[in-house]
Amino acid sequence: MAGRINDEDVKAVRNAVPIDAVVSEYLQLKNAGGGNLKGLCPFHDEKSPSFTVSPSKGFYHCFGCQEGGDTLDFVQKIDHLSFSEAVERLAAQAGITLRYEEGGYGRASQQGERTRMVEAHRIAARFYVEQLGGAEAEIGRKFLAERGFGQDAAEHFGVGYAPAGWDHLVRFLRGKGFSDKEMILAGLAQDSRSGRPIDRFRGRLLWPIRDITGEVVGFGARKLREDDNGPKYLNTPETPLYRKSQVLYGIDLAKREIAKAGQAVVVEGYTDVMACHLAGVTGAIATCGTAFGSDHVKILRRVLLDNSFSEVVFTFDGDAAGQKAALRAFEDDQKFAARTWIAVSPGGMDPCDLRLAQGDEAVKELVESRTPLFEFAIRSVVEQHNLDTAEGRSAALEEAAPIVARIKDGAIQHGHAVQLAGLLGITDEQFVVGRVGKLARWARERGGRPGGGAGGPAGQGAGGHGAGAQRTGGHGAGAQRHGSGQAAAPSGASSAPPAATRPPGPALNLRSPAHRVERELLKLALQRPELVAPAFDAYGADEFTAPPYAVVRETIETAGGVTDADGEFLARVRAAAPDDTVKSLITELAVEPLHSARVVDDVYAGMQLVTVRLAAVDARIAELEGVARRMEARRDLEGSAPVRAQLWELQQYGRGLRERGAAAL
């Protein structure tokens, strides 16, 4: 196939970039024991970390949603890349020059679409930075200087300038080998009335917008001249690379401080991010031309390793628009485990203006003087009513009580209910506390927000995929992934509603005691093959009573068994999997910690081998005993004699296993 990357180069890329280094660009990882790391899954919402990374094996697996694979699988999944694009991205990171089977090294025509767009943005960002030093950009440098930003600050944040002409960037990128179609697709150019592409950004100051890994994916452009009829801020349009609801300006610079300090500071604009960072508040970030929403919450939760000790501080202008933005942020509060706060400066200044007027310390003090977001929301609602009348106080109570009822912490909820009574001037505090408690109870019963329908932020945990959710298999060979405890329809069955396709029968729980040892033995075979070789290779798939485990045993055999396992063993096993579901289970078993409370050695491995074999022997003995008795009931003594002989052999073998352990295998 034209453009196929050389297999040896793909292998080199896989081995060159540690999986924990790649994953930690997107989420915070903490030690999970056994050499593994853990974090909040980037592929589904969860309350506690179930996303496991095994650096020694080069695999990841989420025990909540079953996503798993190697470094390339992760990059493909999280950034929506093709296989080739994932290889190209990691190769660039590792400094590896790729060879393509049709000849040449890293030819531009063979690179993936997203890779080309990233490269175009990288070159465009450098172009704009260079332009900021020119004579025409004096107006841009003046704009920055008036806001307290010198050349060093501009360089740190990559601020640039787009020339006022029609096609400066277009001509520059053409010279670098980019087509007009690529520039338009990337949002760097747009069609003109004449049909020829022109620069999207002209005569403006530009901020590069980077994703969490530091790649430039778009730009934010600020108007500088009065004769510019465009909006004050113009952002890159939605492209395959840039989605404004899924990017946070400054996240690439702030993520490590956010993870370290357990605090993120959300501001409104690019210059506010710059001001905060220069003032020492280096966990500051901003949205890009859109309100703070649920996708932004997901990004922050992963970086924060969201818990009750972490904080998200929103800073908004003190005017009506700022209060409205704060209340919108309040709507997302329940999606955080972190405490949410708001910081509004007394004069209503944003961080950039505050730094100019009062210095760096004032910006730090603004964040330190934060107010709980709930308290701000309650006060904002109450102030909209005339509290001098009974009708006004009643209306304020009915609007504010549901807000208090949404507070997660019961003690804090009670405190704010008492505070609400004081704000309203209602002397019967217990009446207000009781009203709030009733709304909170109704909300819990409905799984929705107080005073509203189900499905609001207060009900986010009702049907999630957290680590505490029941898991009953989900690994192929008749297993169901959704916690129902029922076996799923066979592969290839019609995709009818689950209730119509679930066959009757007992639940298949792969973590039940009956299957635990089988699971442990497979984990040993994948993680420590040298401890179970060569005995494991003599085990039949029928010795594994859970159908998914039997398939994994067959897959290991197809991959060559454990006796000759080498550095590529796991990769061979995963490649031999008959489908993605089995591959997911193999990855899960490869990264799941072993359950031994002692040293994992050949003695421990022998215990697992013996236990699985004994269970199979005992099951066969019971089966043959039934066959023999049925024959003898029919007086078929001639037929039962060889069955009894087999029974005697198996009984002796079983006795040997019990007395001598692995030595009898």
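The values are calculated or read from the model by the stated rules, or taken from the named source; none is laboratory data. This structure is a prediction, so every number in the text was calculated from the model and none was measured. When we count neighbours, we look across all protein chains shown, and the Cβ atoms used for this are built from the backbone with ideal geometry, even at glycine.
Before moving on, here are some points about what is shown:
- In region 628-665, the residues that are touching a residue at least 12 places away in the same chain (Cβ under 8 Å) and touching a Ser or Thr at 6+ places or on another chain (Cβ under 8 Å): Ala628, Met631
- All conditions in (1) at pLDDT 85 or above; (2) closer than 30 Å to Val159 by Cα; (3) assigned to a helix (DSSP H, G or I) hold for Gln93, with the sole exception of (1).
- A single member of Leu81, Leu37, Leu72 is over 12 Å from the mean Cα position of the chain (by Cα), part of a loop (DSSP other than H, G, I, E, B), of a type in the set (A, V, I, L, M, F, W, C) and not assigned by TED's automatic domain parsing to the domain that holds Arg301, and it is Leu81.
- Listed conditions (1) in contact with a Leu (Cβ under 7 Å, 6 or more places away or on another chain); (2) closer than 11 Å to Leu526 by Cβ; (3) outside any helix (DSSP H, G or I) are all met by Leu589, apart from (3).
- Of the candidates Ile96, Ile139, the single residue that is under 30 Å from Val573 (Cβ atoms), in contact (Cβ under 8 Å) with a residue 40 or more places away in the chain, surrounded by fewer than 21 Cβ atoms within 10 Å (Cβ to Cβ) and of a type in the set (A, V, I, L, M, F, W, C) is Ile96.
- Residue list for region 582-607, filter: surrounded by fewer than 21 Cβ atoms within 10 Å (Cβ to Cβ) and closer than 29 Å to Lys77 by Cβ: Glu592, Pro593, Leu594, His595
- Identity of the residue in region 369-382, farther than 10 Å from Ile342 by Cα and of a type outside the set (A, V, I, L, M), that ends up modelled with the highest pLDDT: Arg379
- Selection within region 161-177 - assigned to a helix (DSSP H, G or I) and either of a type in the set (Phe, Trp, Tyr) or closer than 18 Å to Ala135 by Cα (or both): His168, Leu169, Phe172
- Restricting attention to region 519-542, the residues being under 12 Å from Asp566 (Cα atoms) and among the charged types (D, E, K, R) number 2.
- Residue tally, condition touching a helix residue (DSSP H, G or I) at 6+ places or on another chain (Cβ under 6 Å) and without any contact (Cβ under 8 Å) to a residue 40 or more places away in the chain, over region 171-190: 1
- Hits in region 379-396 (condition: part of a loop (DSSP other than H, G, I, E, B) and aliphatic (A, V, I, L, M)): Leu387
- The single condition among (1) assigned to a helix (DSSP H, G or I); (2) under 20 Å from Leu248 (Cβ atoms); (3) modelled with pLDDT of 90 or more; (4) not acidic (Asp, Glu) that Val313 does not meet is (1).
- Selection over region 376-412 of residues that are crowded, with 19+ Cβ neighbours inside 10 Å and either of a type outside the set (A, V, I, L, M) or at positive phi (or both) gives a count of 4.
- Contact map, region 374-387: residues that are in contact (Cβ under 8 Å) with a residue 12 or more places away in the chain paired with residues that are assigned to a loop (DSSP other than H, G, I, E, B) and surrounded by fewer than 17 Cβ atoms within 10 Å (Cβ to Cβ), Cβ distance under 7 Å, separation 6+ or inter-chain. Pairs shown: Leu387/Gly425.
- Checking the stated criteria, Ala329 turns out to be part of a helix (DSSP H, G or I), under 22 Å from Cys276 (Cα atoms) and at pLDDT below 85.
- Any hit, region 296-305, residues being out of contact with any Leu (no Cβ under 7 Å at 6 or more places or on another chain), in a loop (DSSP other than H, G, I, E, B) and buried (at least 23 other Cβ atoms within 10 Å of the Cβ): no
- Some residue of region 633-641 being hydrophobic (A, V, I, L, M, F, W, C) and either touching a helix residue (DSSP H, G or I) at 6+ places or on another chain (Cβ under 7 Å) or surrounded by 17 or more Cβ atoms within 10 Å (Cβ to Cβ) (or both): no
- Filtered residues of region 383-411 (kept if of a type in the set (A, V, I, L, M, F, W, C), in contact with a helix residue (DSSP H, G or I) (Cβ under 8 Å, 6 or more places away or on another chain) and at pLDDT below 85): Ile407
- Qualifying positions in region 278-291 - crowded, with 22+ Cβ neighbours inside 10 Å and under 20 Å from Thr213 (Cα atoms): Gly283, Ala284, Ile285, Ala286, Cys288
- Search result, residues across region 216-253 that are acidic (Asp, Glu), farther than 22 Å from Pro163 by Cβ and in a loop (DSSP other than H, G, I, E, B): Glu238
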